[in-house]
Amino acid sequence: MVLSDTTEIYYRKRDHVPGLGPMNSENNQGFLLHPSIAFTADGIPLGILDLKMWSRTVLGGNRSQDGRKIFIEDNESVKWIQGYKSLCEFAKVQRFSRIKSNRKIQSF
């Protein structure tokens, strides 16, 4: 079993730190992590199969500055596709019976 989700790491009320970007406001800065972690059927963690880490350059996430939607390849949601592709590469050397994802990637 492989679980993935995004974690936001905040550094609040600090002077600008190189490598960190805006989070929910210009006053909060930080970065994001999106790991894919493998577990046995009994819930024992086996390790991290994939990890994406990034910081935002501007606020907005999946919309452009003028409110238009951004292509998935150019927004943060691409992390789900990249994680899935990494899992498929791993599956070539391991045996998986099925791949099931949550609503954001919509693959079952």
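Brief remarks follow.
- Among the residues of region 1-59, those that are β-branched (Val, Ile, Thr) and closer than 21 Å to Ser77 by Cα comprise Val2, Thr6, Thr7, Ile9, Ile37, Ile48, Thr57, Val58.
- Residue within region 38-57 that is at pLDDT below 85 and over 26 Å from Met1 (Cα atoms) present: yes
- Every test in (1) over 18 Å from the mean Cα position of the chain (by Cα); (2) at pLDDT 90 or above is passed by Ser97 save one, and that test is (2).
- Annotation: Ile70 fulfils all but one of (1) surrounded by 11 or more Cβ atoms within 10 Å (Cβ to Cβ); (2) modelled with pLDDT of 80 or more; the unmet one is (2).
The values are calculated or read from the model by the stated rules, or taken from the named source; none is laboratory data. Everything quoted here is computed from the prediction, not taken from an experiment. For neighbour counting, all protein chains shown are included, and Cβ atoms are generated from backbone atoms with ideal geometry for every residue, glycine included.
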